[in-house]
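> Would you mind keeping the following structure in view while I ask a few things?
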Amino acid sequence: MQWFLNLSTKLKIVCCFSLMFALIVVVIVTAYLGITATTQSQQELFRENYITSLDIVEMRADQNRARAELLEMMMTGDRSKQQALERDIQERSGNIDKNLKELTTAQKDDPHFLAALQELAVVRDAYRKTREEQITLILAGKSEAARTIGLGQQEERYNKIRDIALKLEQLEREQAKQRLAQSEQRARTSLVIFLLVGVAAIIISTAMTLAMTRAIARPLTEIAAIAERIAEGELEVNVLSSGRGDEVGMLIQTFRRMVANIKGHADTTRRIAAGDLSGVVTPQSERDVMGNALSAMGSSLREITREIIEGVNVLASSSSEIMASTNQVASGATETAAAVSETTSTVEEVKQTALVSSQKAKSVADTAQRAVQVAQVGRRSVEESIAGMGRIQGQVEAIAESIVRLSEQSQTIGEIIATVNDLAEQSNLLAVNAAIEAAKAGEQGKGFAVVAQEVKSLAEQSKVATSQVRTILNDIQKATNAAVMATEQGNKAVEDGVRQSKEAGEAIRQMSVSIDESSQAATQIAASSQQQLAGMDQVAMAMENIRQASEQNVTGMRQVELTVQGLHDLGQKLKDLVARYKV
Amino acid sequence: MDETSNERQRILKARAAALAREPEKSTSEAERLEVVEFLLADERYAIESAYIGEVYPLKDLTPLPCTPAFVLGVINMRGKILSVIDLRIFFDLPNRGLSDLNKVIVLHHGAMEFGVLADAIIAARWIPRSDLLATLPTLTEIRAEYLMGVTEERLVVLDGGKILSDRSIVVHEEV
């Protein structure tokens, strides 16, 4: 068997297929021969028995028809029809002659048949002659005579023709049966031969196939199974070596090399996977795609890892800085949120203030309106007061005149008092002089001295009285003077009052104008305050929005902080990860 | 009601005071001095009535030129020309000017007669001689000469006789 295995696969396949081709040719030839014999016997059957039978049946049918037409000629009296029937009979007679001739040529090998046919031909000739006579009689109008001829001998002749034809038909049918049996026998024989040859071919083909399967398919299946395991990633496979020198053996050898190569690459990959990038992969040749790729991968991985390490270091430090910045930003955002919150509350307060100021402005406007009315009332009052001042001035002047008259009369009284005082003085002097004289008179003058004393006392009393009167008068005069002064001052005051009232009127008028302007201004202020309030409302809303945004900011910053923390952790993790790689 | 009761009380008190006053001592003629008391520059002076002719209001004073400062001028006293002396010059009293109320005390003794200016005549009264105190040692010259004495009431009593007899008062000048 080893010699077969050592044959090249190409040769094996060629041998196998040649043998199978030869077997197929034998089978085809056998089948062809059988089928050809069967076809030949069928053709003979058709040509010699089936056609002959048909001719005999046709001849019999023509004979019957001709007889029927003759009978019809006898029956009918129509001449033209008789003639037409006669022609038809003649034609059918010709057909029968032609059939007889064909049969004679066809069955020239069969003497038995020929003899029967000869007898038929003789009988028919006699029949034909008699029929010719009948036709002549019929045409002559002697149908009855013709019928008479027809009976008897003619009838027998006709029956004989029919019997011979039937016998011939029977003969041919039996012959056909015989031939059919022969043909069946031959076909069975060829079928047996074909079966035997086919079975032999199948057995041989199966044996060849099994041999080929053992020689090629089984090792290939084994290798395919190993390849399947390799395809599934398993490399711990054992490919047994075989001493075969054919392509399968070569394939196994090459497969072993391939597996070893893949194992080497897998080890290299495993090392790289374990983080050892220091190993250098040497490609087996320039066409070693995988080796080249692994080599390039190792070098590029080294390069990439180096860059990644640098990048990760930068990332770690950057993430640390970002985290710090984010913390600051987050605290700043929190402070901003707090400030915004305070600002919002402040704006709310300002809004309240604006509301209050709006209300105040409104009330100020109302007050200003009332003030305008009050100012008008004040103006009228001032005018009335000016008029009143005028009246007061007149009365004060009258008072002044009265006081002046009073003063003059006081002056007169003073003069009178001076006179009285003078009199009292003189009386006093007189009393002193009387006392002096009384003293000079000595004892006699004592009574006079008493009188003088009394006079002096009177003088003193009158002096005291005048003095009191003068005092009173002085008081009156002082009072009068004071009254005059007061009146003058009053006059002046009234004048001042008039002037001031006029000024006050003017002032009130100007004030009224001012208040009018103030009122308008207050109305405008009220409107402005309203607008301001609306503006403050909008500002409050905006501040509310800002506050929400700021809160969202804070939330966002918290998330950013978390994210940055995650980034930082990621950076540290990456650093740890990268540290595992030996470059 | 209160006022009337107060008034009544006051009157009753005044009466009680009047009744409680010691009666004047009935001194003898020789022991008492009758004087005319007058005011001069707010000081009370007095001159013995014996030397006084009368008192007269100072009216229509006519200043005399070419006379000493103490000669105030002359007045017409009922058709009699009377010279008026100003004692304030002698006593270094402040000059307060003159008014209608000024009086002239007419001093006379024998042939000598002149008027002395007084601001006001207070009264003619009696004072006991014993009340007169000695002159103040601080007063000298003419003031000491004219002074008769000072009472406890600080009434300066002038000696009318000495004033009248003083030759320095007599003016004899030719211009």
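The values are calculated or read from the model by the stated rules, or taken from the named source; none is laboratory data. Just so we're clear, the structure is a prediction, and the values are computed from it rather than from any experiment. Glycine also receives a Cβ, built like all others from the backbone with ideal geometry; neighbour counts cover every protein chain displayed. Areas reflect the complete protein model, heavy atoms only, side chains present, ligands, DNA and RNA absent. Shrake-Rupley method; radii C 1.70, N 1.55, O 1.52, S 1.80 Å.
> Being in contact (Cβ under 8 Å) with a residue 40 or more places away in the chain and open to solvent by 90 Å² or more (accessible area, probe 1.4 Å) is the filter; apply it to the stretch B:110-138 and report the residue that is nearest to the other protein chains (Cβ to nearest Cβ).
For the stretch B:110-138, the residue satisfying everything is B:TRP126.
> A further question follows. Counting residues that are farther than 16 Å from B:ALA41 by Cβ, open to solvent by 40 Å² or more (accessible area, probe 1.4 Å) and within 14 Å of chain A (Cβ to nearest Cβ), which strands (runs of 3 or more DSSP E) fully inside the stretch B:70-109 reach at least 2?
The strands (runs of 3 or more DSSP E) meeting that bar are B:103-109.
> Mind checking which residues of the stretch A:138-147 are open to solvent by 40 Å² or more (accessible area, probe 1.4 Å) and under 16 Å from A:ARG67 (Cβ atoms)?
A:ARG147
> Of everything in the stretch B:46-69, what is more than 14 Å from chain A (Cβ to nearest Cβ) and either open to solvent by 40 Å² or more (accessible area, probe 1.4 Å) or of a type in the set (Phe, Trp, Tyr) (or both)? Give them in sequence order. Full working, then the answer.
Filtering the stretch B:46-69 for residues more than 14 Å from chain A (Cβ to nearest Cβ) gives B:60-69.
Hits for the stretch B:46-69 are B:ASP60, B:LEU61, B:THR62, B:PRO63, B:LEU64, B:PRO65, B:CYS66, B:THR67, B:ALA69.
> Considering A:SER462, A:SER407, which residue is away from chain B (no Cβ under 14 Å) and either of a type in the set (A, V, I, L, M) or farther than 29 Å from B:ILE121 by Cα (or both)?
A:SER407
> Out of the residues in the stretch B:19-45 that are in a loop (DSSP other than H, G, I, E, B) and surrounded by 14 or more Cβ atoms within 10 Å (Cβ to Cβ), state the one that is modelled with the highest pLDDT. Write out each step before concluding.
Taking the stretch B:19-45 and keeping what is in a loop (DSSP other than H, G, I, E, B), we get B:21-31, B:41-42.
Still in the list and also surrounded by 14 or more Cβ atoms within 10 Å (Cβ to Cβ): B:27, B:41.
Numbers: B:THR27: 54, B:ALA41: 83.
If we take residues in the stretch B:19-45 being in a loop (DSSP other than H, G, I, E, B) and surrounded by 14 or more Cβ atoms within 10 Å (Cβ to Cβ), then B:ALA41 is modelled with the highest pLDDT.
> Also: Looking at the stretch A:573-583, which of its residues are in contact with a helix residue (DSSP H, G or I) (Cβ under 9 Å, 6 or more places away or on another chain), assigned to a helix (DSSP H, G or I) and open to solvent by 70 Å² or more (accessible area, probe 1.4 Å)?
Across the stretch A:573-583, the qualifying residues are A:LYS575, A:LEU577, A:ALA579.
Here is a yes/no grid of residues against (1) among the small types (Gly, Ala, Ser); (2) under 60 Å from the mean Cα position of the chain (by Cα):
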site: A:ALA486; (1), (2): yes, no
site: A:GLU495; (1), (2): no, no
site: A:ILE508; (1), (2): no, no
site: A:SER514; (1), (2): yes, no
site: A:ALA526; (1), (2): yes, yes
site: A:VAL539; (1), (2): no, yes
site: A:ASN545; (1), (2): no, yes
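> Before we move on, is B:LEU64 under 23 Å from B:VAL171 (Cβ atoms) and over 16 Å from the mean Cα position of the chain (by Cα)?
Answer is yes for this residue.
> Here are some residues: A:GLY264, A:GLY275, A:GLY233. Which one is of a type outside the set (A, V, I, L, M, F, W, C), over 22 Å from A:TRP3 (Cα atoms) and in contact with a Lys or Arg (Cβ under 8 Å, 6 or more places away or on another chain)?
Exactly one of A:GLY264, A:GLY275, A:GLY233 is of a type outside the set (A, V, I, L, M, F, W, C), over 22 Å from A:TRP3 (Cα atoms) and in contact with a Lys or Arg (Cβ under 8 Å, 6 or more places away or on another chain), namely A:GLY275.
> Could I ask something else about it? Return the residues of the stretch A:209-228 that are farther than 27 Å from A:ASN261 by Cβ and modelled with pLDDT under 85; say none if nothing qualifies.
Within the stretch A:209-228, A:ALA211, A:MET212, A:THR213, A:ARG214, A:ALA215 qualify.
> Scan the stretch A:212-259 residue by residue and report those that are touching a Gly at 6+ places or on another chain (Cβ under 7 Å) and among the basic types (Lys, Arg).
none
> Which members of the stretch A:361-380 meet the condition of being under 30 Å from A:GLN538 (Cα atoms), open to solvent by 70 Å² or more (accessible area, probe 1.4 Å) and over 57 Å from the mean Cα position of the chain (by Cα)?
Those that are under 30 Å from A:GLN538 (Cα atoms), open to solvent by 70 Å² or more (accessible area, probe 1.4 Å) and over 57 Å from the mean Cα position of the chain (by Cα): A:VAL364, A:ASP366.
> Taking A:ALA200 as the residue in question, decide whether it is over 30 Å from A:THR76 (Cβ atoms) and in a helix (DSSP H, G or I).
Criteria met by A:ALA200.
> Answer yes or no as to whether A:GLY414 is part of a helix (DSSP H, G or I) and surrounded by 14 or more Cβ atoms within 10 Å (Cβ to Cβ). Step through it out loud before you land on a result.
Working: part of a helix (DSSP H, G or I): yes; surrounded by 14 or more Cβ atoms within 10 Å (Cβ to Cβ): yes.
When the stated conditions are applied, A:GLY414 passes them.
> Which of the residues belonging to the stretch A:443-463 are charged (D, E, K, R) and either in contact with a Phe, Trp or Tyr (Cβ under 9 Å, 6 or more places away or on another chain) or free of Cβ contacts under 8 Å to residues at least 40 places away in the same chain (or both)?
A:GLU443, A:LYS446, A:GLU454, A:LYS456, A:GLU460
> Let me confirm something: among A:SER427, A:SER462, which residue is out of contact with any Pro (no Cβ under 8 Å at 6 or more places or on another chain), closer than 19 Å to B:ASP119 by Cα, assigned to a helix (DSSP H, G or I) and not basic (Lys, Arg)?
Every option except A:SER427 fails the conditions.
> Please determine whether any residue of the stretch A:281-288 is hydrophobic (A, V, I, L, M, F, W, C) and surrounded by fewer than 16 Cβ atoms within 10 Å (Cβ to Cβ).
no
> Residues to consider are A:LEU567, A:LEU533; find the one that is touching a residue at least 60 places away in the same chain (Cβ under 8 Å), part of a helix (DSSP H, G or I), open to solvent by less than 50 Å² (accessible area, probe 1.4 Å) and touching a Leu at 6+ places or on another chain (Cβ under 9 Å).
A:LEU533
> A follow-up question, please. Checking B:GLU145 against (1) assigned to a helix (DSSP H, G or I); (2) within 14 Å of another protein chain (Cβ to nearest Cβ); (3) of a type in the set (D, E, K, R), which test does it fail?
Only one criterion in (1) assigned to a helix (DSSP H, G or I); (2) within 14 Å of another protein chain (Cβ to nearest Cβ); (3) of a type in the set (D, E, K, R) is unmet by B:GLU145, namely (2).
> Restricting the stretch A:540-555 to residues that are within 18 Å of A:GLY332 (Cβ to Cβ) and without any contact (Cβ under 8 Å) to a residue 60 or more places away in the chain, which is most open to solvent (accessible area, probe 1.4 Å)?
Going through the qualifying residues, I end up with A:GLN552.
> Counting only residues that are open to solvent by 30 Å² or more (accessible area, probe 1.4 Å), touching a helix residue (DSSP H, G or I) at 6+ places or on another chain (Cβ under 9 Å) and polar (S, T, N, Q), which one in the stretch A:474-499 is nearest to A:MET389 (Cα to Cα)?
Ranking the candidates gives A:ASN491 first.
> Of the residues that sit in the stretch A:422-445 and are more than 9 Å from chain B (Cβ to nearest Cβ) and within 16 Å of B:ASP100 (Cβ to Cβ), which one is least open to solvent (accessible area, probe 1.4 Å)?
Only one residue fits best here, namely A:ALA424.
> Looking at A:SER467, A:SER457, which one is in a helix (DSSP H, G or I), closer than 21 Å to A:ALA434 by Cβ and not aromatic (Phe, Trp, Tyr)?
One residue alone meets the criteria, A:SER457.
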